[in-house]
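Worksheet for the structure shown next.
The values are calculated or read from the model by the stated rules, or taken from the named source; none is laboratory data. If you're wondering where the values come from, they're calculated on a predicted model, not measured in any experiment. Because the Cβ atoms are built from the backbone with ideal geometry, glycine has one as well, and the counts that use them run over all protein chains shown.
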Amino acid sequence: MADIRHSISIDARRERVFPLIASGSGCARWWTADALEDYSTGIIEVVFCSRATVYRLKPIQISTSRTTEWLCQTGDEWTGTRLLFELRETSGKTELRFTNADWKAETDYFLSCAKTWEDLMLRLKAAADGGGLGPLFSKNVLGS
């Protein structure tokens, strides 16, 4: 199994970062503008390219302000992978450690996703810091 890993320091308290990784509305601020959430189950769907790609994420663990873990239930290479966000705060700053775990192989798509996650971490940081980069993916096309 292969994993994608990133770590980034964010100039914001953990309580400000956590909602961005723990809900559909949070993901819509930095990942994709088209994110849906089923509040009864906690499942979110992140949607790309006019629903050509939909990743359904089931919460495995959501620990207030510290850890969020999602299991991807759809997507050819994404099915069975996990998204793990771990937050650690020191002196008012938050270190985010991210892992997209349990890929079956390091394919070309895996490598593309590793680069995309790097871009997404910068957008998440900007959202938490109060910046305005917005989501990488709009409702229809790749964002700027």
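Quick look at the numbers
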read-out	value
Condition check for residue 115: among the basic types (Lys, Arg) and in contact (Cβ under 8 Å) with a residue 24 or more places away in the chain	no
Cross-chain or 6+ apart pairs with Cβ under 8 Å, the stretch 25-39 first and over 23 Å from residue 114 (Cα atoms), then in a loop (DSSP other than H, G, I, E, B)	37/23; 37/43
Pairs where the first residue, in the stretch 1-15, is surrounded by 15 or more Cβ atoms within 10 Å (Cβ to Cβ) and the second is hydroxyl-bearing (Ser, Thr, Tyr) and modelled with pLDDT under 95, C-beta under 6 Å, 6+ apart	14/65
Filter pass, residue 56 being under 23 Å from residue 127 (Cα atoms), exposed (fewer than 15 other Cβ atoms within 10 Å of the Cβ) and in contact with a strand residue (DSSP E or B) (Cβ under 6 Å, 6 or more places away or on another chain)	no
Within the stretch 101-115, tally of residues that are within 15 Å of residue 80 (Cα to Cα) and either aliphatic (A, V, I, L, M) or not in a helix (DSSP H, G or I) (or both)	6
Total residues in the stretch 118-140, condition under 17 Å from residue 46 (Cα atoms), part of a helix (DSSP H, G or I) and not aliphatic (A, V, I, L, M)	2
Options 94, 74; residue that is touching a Lys or Arg at 6+ places or on another chain (Cβ under 6 Å) and either within 29 Å of residue 50 (Cβ to Cβ) or among the hydrophobic types (A, V, I, L, M, F, W, C) (or both)	74
Test: residue in the stretch 16-39 that is surrounded by fewer than 17 Cβ atoms within 10 Å (Cβ to Cβ), outside any strand (DSSP E or B) and among the β-branched types (Val, Ile, Thr)	no
Meets criteria (under 12 Å from the mean Cα position of the chain (by Cα) and part of a helix (DSSP H, G or I)) for residue 97	no
Options 48, 85: the member that is in contact with a strand residue (DSSP E or B) (Cβ under 6 Å, 6 or more places away or on another chain), among the hydrophobic types (A, V, I, L, M, F, W, C), under 18 Å from residue 114 (Cα atoms) and at pLDDT 95 or above	85
Whichever residue in the stretch 80-122 is among the polar types (S, T, N, Q) and surrounded by 14 or more Cβ atoms within 10 Å (Cβ to Cβ) and, among such residues, is farthest from residue 3 (Cα to Cα)	94
